[in-house]
Amino acid sequence: MRNETLYLIRELFFPSACPICGRPLVTGREARFGICSDCERLFPLDGRGECCEVCGRPLVSEIGVCTQCRVKEEHSFDKAAVLYPYTQKWKTLLRAYKFRRSRALAHFFAEKILGGRDLFFDRVVFGELTFVPVPPRDGKIKTAGWDQVENITRILEKQSVVCRCLRRLSSMTQKKLNAEERAKNLKGRIVCTKKPPQNVLLFDDVYTTGTTLEVCSSVLKEAGAEKVYGLCLFHA
Ligand SMILES: [Zn+2]
Ligand SMILES: [Zn+2]
């Protein structure tokens, strides 16, 4: 493929190597994804057990719905799926992506998100879904110098329908707050800037408390979205 040759040429001049094992990236696919083919196999999409029907996180000893979702009466989103636990190997990848600028990994993450959509949101059952990226946290662009989710979004856009209808108004960082404070702080700061798609697939990099998904989805529904599903690369 012509594209992959270009990635390979870039890799020759600006070698990034595999962020996991450090070996050079030698094929077009490896250069495009920013990871070697051996390490790519460490991240299968369907290597998971039973998951919560609501938030999509793996179940430990519960059946059907996780304890956290059980105490919560209602979610603003219809269903969510999370792809991977945020384990060491993923942290290594994400760090390479965010800070060491292995930007090629955006292709790898985008591929996982597309795969996750097809695996968890069957088009026959859920209909055609439009990707809506969760708007970046204020601190994020400042600390990393770029918007990592936006980079993935640009790749998704070439293969799927994307609508950037959410915006986050700036305020203090959310990190030091607990879940309830976060929700309060976040609600009113996320706004829908245009008519949202009817069936939304909201996506984000990490699922921590679920607050971001919750707030974005309620904002989208208030603005007229009918169904909102969530998809995150990792759960903390
Ligand atoms: Zn490797
Ligand atoms: Zn759950």
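Here is how the numbers come out for the structure above:
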| item | result |
| --- | --- |
| Filter pass, residue 127 being surrounded by fewer than 17 Cβ atoms within 10 Å (Cβ to Cβ), more than 30 Å from residue 28 (Cα to Cα) and modelled with pLDDT of 85 or more | yes |
| Pick from segment 24-44, criterion hydrophobic (A, V, I, L, M, F, W, C) and surrounded by fewer than 16 Cβ atoms within 10 Å (Cβ to Cβ), ranking: farthest from residue 77 (Cα to Cα) | 26 |
| Out of 212, 208, 193, sole residue that is hydroxyl-bearing (Ser, Thr, Tyr), more than 20 Å from the chain's Cα centre (by Cα) and either modelled with pLDDT of 90 or more or crowded, with 16+ Cβ neighbours inside 10 Å (or both) | 193 |
| Residue pairs meeting the criteria (Cβ under 7 Å; at least 6 apart or on separate chains; first within 14 Å of residue 45 (Cα to Cα), in segment 80-97; second surrounded by fewer than 23 Cβ atoms within 10 Å (Cβ to Cβ) and of a type in the set (Lys, Arg)) | 82/57; 83/112 |
| Helices (runs of 4 or more DSSP H) fully within segment 1-90 counting 2 or more residues that are more than 16 Å from ligand 1 (Cβ to nearest atom) | 2-13, 67-71 |
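The values are calculated or read from the model by the stated rules, or taken from the named source; none is laboratory data. Remember, predicted model here, so these are calculated numbers, not experimental data. For neighbour counting, all protein chains shown are included, and Cβ atoms are generated from backbone atoms with ideal geometry for every residue, glycine included.
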